[in-house]
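In what follows, a single structure is set out as structure tokens and then discussed.
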Amino acid sequence: MFKRYLPKLIAKHVSRLFSGRLYIDGRGGYHFENGLLLVPIKAEKRHYDTVNEVNLEVRRLRETYEA
């Protein structure tokens, strides 16, 4: 459960735990699999924006670790 929306922190959580669920205050609940956040069922624009932003940070983290 995240009290604030901090994409980099959430990306670290998602990439390390690899699969599970999380909740972000003001943005809702999400599932993540294979180290990426998934779009919820009945998603709104804010869900898509959140998923895109967090997954972008996950990809940046992976590039940093691979380099």
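The values are calculated or read from the model by the stated rules, or taken from the named source; none is laboratory data. Bear in mind that the values here come from a model prediction, so they are computed numbers and not experimental data. Note that each Cβ is placed from the backbone with ideal geometry, even for glycine, and that neighbours are counted across all protein chains shown. Heavy atoms of the whole protein, side chains included, go into the accessibility calculation; ligands, DNA and RNA do not. Shrake-Rupley method; radii C 1.70, N 1.55, O 1.52, S 1.80 Å.
Annotations
- Length-normalised contact order of the chain in % [C-alpha pairs under 8 Å, at least 6 apart]: 31
- About its Cα centre, the dipole of the range 5-64 is roughly 80 debye, where the only charges are +1 on Lys and Arg Cβ and -1 on Asp and Glu Cβ.
- Label point 7 Å beyond Cα of HIS31 along Cβ direction - residues of the range 48-64 with amide nitrogen under 19 Å: 48-52, 54-55
- Of the residues LEU17, ASN52, LEU6, the one whose Cα sits farthest toward the positive end of the charge dipole of the chain, with +1 on the Cβ of Lys and Arg and -1 on the Cβ of Asp and Glu, is LEU6.
- Accessible surface computed residue by residue for the range 23-67, with neighbouring protein chains in place and a 1.4 Å probe, gives 69 Å² per residue.
- From most to least packed by mean Cβ count within 10 Å, the peptides 48-58, 21-31 give 48-58, 21-31.
- For the chain, the share of accessible area belonging to carbon and sulfur comes to 53 percent (1.4 Å probe, ligands and nucleic acids excluded).
- Against the chain, whose longest principal axis is taken from its Cα atoms, helix 7-17 shows a tilt of about 70°.
- Long-range Cα-Cα pairs in the chain (distance over 14 Å), rounded percent: 52
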